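Encoded as structure tokens, the structure appears first; notes follow it.
The values are calculated or read from the model by the stated rules, or taken from the named source; none is laboratory data. Quick caveat: nothing in here was measured; it's all calculated off a predicted structure. In this analysis, Cβ positions are derived from the backbone assuming ideal geometry, glycine residues included, and neighbour counts consider all displayed protein chains. Just so you know, the surface numbers come from the protein's heavy atoms only, side chains and all, with ligands and any DNA or RNA stripped out. Shrake-Rupley method; radii C 1.70, N 1.55, O 1.52, S 1.80 Å.
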Amino acid sequence: MAQLFDTSPIDAPVAYARVALEQGIDLSPDGLTYGIPASLRGLAVGERVTVPLGRGNKAVSGYIVSISETCDLPPSKLAKVKAIISRDATGVSLTTDLMQLARWMASYYCCPLGMVFATMLPAAVKHGTGSVQQTMVGLAEEGQGPGARGQGEEVDEKPKVTKLQQAVLDAVRKQNEAGEPFTEIRELADLAGAKTVSPVKQLVDKGLLTTQTQAALRAAPRAFDTQTGNTPTDLPLLTPDQDVALTHIARRVGQGFSVNLLLGVTGSGKTEVYLRAIEGVLKTRDRGKRTGAKVQESTGELKAHPLPWVGAAIVLVPEIALTPQTAARFQQRFGTDVAVLHSGLTAAQRHEQWRRIRAGGVRIVVGARSAIFAPLENVGIIIVDEEHEHSYKQDQLPRYHARDVAIRRAQLLNIPVILGSATPSLESYFNAGGEGQGPRAKGQETEAAGVAASAATRTPEAPSSATQDSGLRTQDRRTRYHLLRLPTRVPGLSLPKVEIVDLSDERRKRYQNTGKAGVHLLSLRLEQAIQQAMDQKAQTLLLLNRRGYANYIACPDHNCAWLLQCDHCDTTMVFHKDASLPTGGYVHCHHCTAKQLLPKICPKCNQHKVTVFGLGVQRVEEELQRKFPTARVLRMDSDSMRTARDYHDSLEAFRA
């Protein structure tokens, strides 16, 4: 039996580590104990490692949760402790605050700690997607290189080179003078005007150049990258409400944890407040001690960060369609200091962005729900835009809410967090002391409220009358958040006029005017408004939350009463028009994604042609093209917008 299990003791470990595995294992809240061999003496908390698991010693990945020089296991079990196999090949690790955040998430959301870590680290990073080996070329030192002579041999004069090879040498020297001693071989050939890398390789053979291999990431350019930074003269003037809100936020930057609910109507300038708040954080000095970052005593500089004593920011937006627009505004203001994380990136792009963040190459992270796990060092502020959005809620383990996780991370870092919305969630408005709230019932506190309450927040001074008139509300015994209001739109913008149209009355008017009824998706009032906008060279936005062409496919014979339903989930299917198909389109179940061709004849009675009823964006698009043939119509839905590039190009075309 002893041969079935590997019970041989490991070499004397130099220390012991608790490792949380990326498995659905919850035997211990702090992970499993492994020995650290002498070859891995430098392991640290947060690193990803490979360890043996189970009877077969299957190699699995996990994260070091804690390290101790001793182990409290009894001697009989201590001898059977397995050793960590190796560091993870990708060399990734998580920050200290993310380790603490993972412990809280595992406890609150009832999820194994290792699965929380697995959620924090993108799959593209784990698998090394986009990683390539690049050949770097530089000037060879004298006596080195394949073409160098051995000792005692006659040294010829300088090797003869062609004009193209001389151009390569000149390009290498320019790169060297610019502080880049090594250049990627293809890039060097391009700089020299060579069509291939052959001249570069020939110089390597002659011993004039030397090469070395370097790991790198290769990803396609992102659809909405921009590196334009505004100058101070480009900044818009703040409204009085914006100025009051920004002053309140600025007072709290660097003063510890606080939650600020920015309640602003659409178009009131919430994003500009975010941008100015981040600018203040980036300029704030002396942050190392507060954020818990390691500081070198001799120089007073933050380790592993190219810019010492500089704050950073995380900005969450609710969905991918909003991310390109929001990211563009941040990139225009802050240039290359911005990284974008969302589901629209390719795996290689996501890996590239994550590496930039972890290496300290950016100071601002903008993204959707998962961006809250960005391994950003020295975070000074966290912003959650449209905090009421349901898309912040994860629907699989761990089932976290990004808004509450953002509040918790801000508390761990002892920094302020801003929740922005025109229609805040009920719990956030209640926690901010919104008008009309009743006394808090026992047991009705949300996790977000509990997070805010557990921090040692400082009660602000009594507000002045001017502050009260501006809509700024401070904490009392019931409020846990600070409420800031932007009740009006910025100058030049006004609230839209809303008109409700009675479609029954519209049908009567159409019949009276034309003598025909027919089926019209657009009312007379809407047609007149669209025509008026076209006459004024203006644009029109029509919103309909229904994909496809028709959502009701049935037999026209009431005696038959056949209705097309999905064979897999028993829901009605939607007809999508496609002229390339012989039946003119296909039917699609939007619940289980099943697809099939549209039947021509009713499969039940085999007598009548199938009829499609209802409406969808395709049908609206068709009617617009028929009634307004000179108009340029663009449809945006998940069927026509496949990638982030499609969204970006469509929005740019509309803006132009």
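In a fully extended conformation the segment linking THR266 and ASP637 would gain 131.3 nm over its present Cα-Cα distance, using 0.36 nm per residue.
Find how many whole Å separate the alpha carbon centroid of segment 54-110 from the alpha carbon centroid of segment 510-533. Going from one Cα centre to the other spans 68 Å.
Indicate the gyration tensor shape class of segment 344-438 (rounded, prolate or oblate), computed on the Cα atoms with a ≥ b ≥ c the square roots of the eigenvalues: a/c under 1.5 is rounded; otherwise a/b larger than b/c is prolate and the rest oblate. Mind showing how you got there, number by number?
Values: a/c = 2.47, a/b = 1.72, b/c = 1.44.
Taking the square roots of the gyration eigenvalues as a ≥ b ≥ c, segment 344-438 is prolate.
Close amide H contacts of VAL60 (hydrogens built in the peptide plane, cut-off under 5 Å, sequence separation of 5 or more or a different chain): VAL51, LEU53. A simple spin-label model places the labels of HIS590 and GLN23 4.2 nm from each other, with each point 7 Å out along Cα-to-Cβ. Annotation: for a label point projected 7 angstrom from Cα along Cα→Cβ of LYS604, residues of segment 566-582 with backbone N closer than 15 Å are 566-567, 571-573.
Give me the lysines in straight-line cross-link reach of LYS577: C-alpha distance below 17 Å, same-chain residues under 8 apart excluded. Counting by Cα, and skipping residues close in sequence, LYS577 has these lysines nearby: LYS595, LYS600, LYS609.
Computed from the Cβ-Cβ distance with R0 of 45 Å, the FRET efficiency linking SER66 to ASP205 stands at 0.25. Between the alpha-carbon centres of segment 378-401 and segment 28-47 there is a gap of 31 Å.
The accessible area of LYS604, taken with all protein chains in place and a 1.4 Å probe, comes to roughly 130 Å². Got a sec? Which residues in segment 614-654 would a label at HIS520 touch, if it sits 7 Å along Cα→Cβ and we count backbone N under 14 Å? Under cut-off, by backbone N: 623-624, 626-628. You can think of it this way: the chain between ALA59 and ALA79 has 5.2 nm of extra reach, that is 0.36 nm per residue less the Cα-Cα gap. For the pair THR336 and ASP395, label points projected 7 Å from Cα toward Cβ lie 4.0 nm apart. Given R₀ = 56 Å, FRET efficiency for TYR108-ARG186 by Cβ-Cβ distance, to 0.05? Here the calculated transfer efficiency is 0.65.
Kindly provide the trypsin sites (Lys or Arg not before Pro) of segment 30-66 that DSSP labels as loop, not H, G, I, E or B, and whose Cβ sees at most 12 other Cβ atoms within 10 Å. Mind showing how you got there, number by number?
Details: sites: ARG41, ARG48, ARG55, LYS58; in loops: ARG41, ARG55.
Sites meeting the loop and neighbour criteria: ARG41, ARG55.
For LYS270, a cut-off of 27 angstrom between C-alpha atoms picks up these lysines, skipping any fewer than 8 places away in its own chain: LYS283, LYS393, LYS497.
Around the amide H of GLY585, modelled in the peptide plane, lie the amide H atoms of ASP578, LEU598, all under 5 Å away and 5 or more residues distant in sequence or on another chain. Extension gain for SER86 to LEU237 (0.36 nm times residue separation, less C-alpha to C-alpha distance): 48.8 nm. Treat each spin label as a single point 7 Å out from the Cα along the C-beta direction, and report the GLU141 to LYS497 distance in nm. Simple spin-label model gives 8.0 nm for this pair.
Evaluate E = 1/(1 + (r/R0)^6) for ALA422 and GLN166, where r is the Cβ-Cβ distance and R0 equals 60 Å; express this FRET efficiency to the nearest 0.05. Present the calculation step by step, with values, prior to reporting the outcome.
Values: r = 64 Å, r/R0 = 1.07.
FRET efficiency, ALA422 to GLN166: 0.40.
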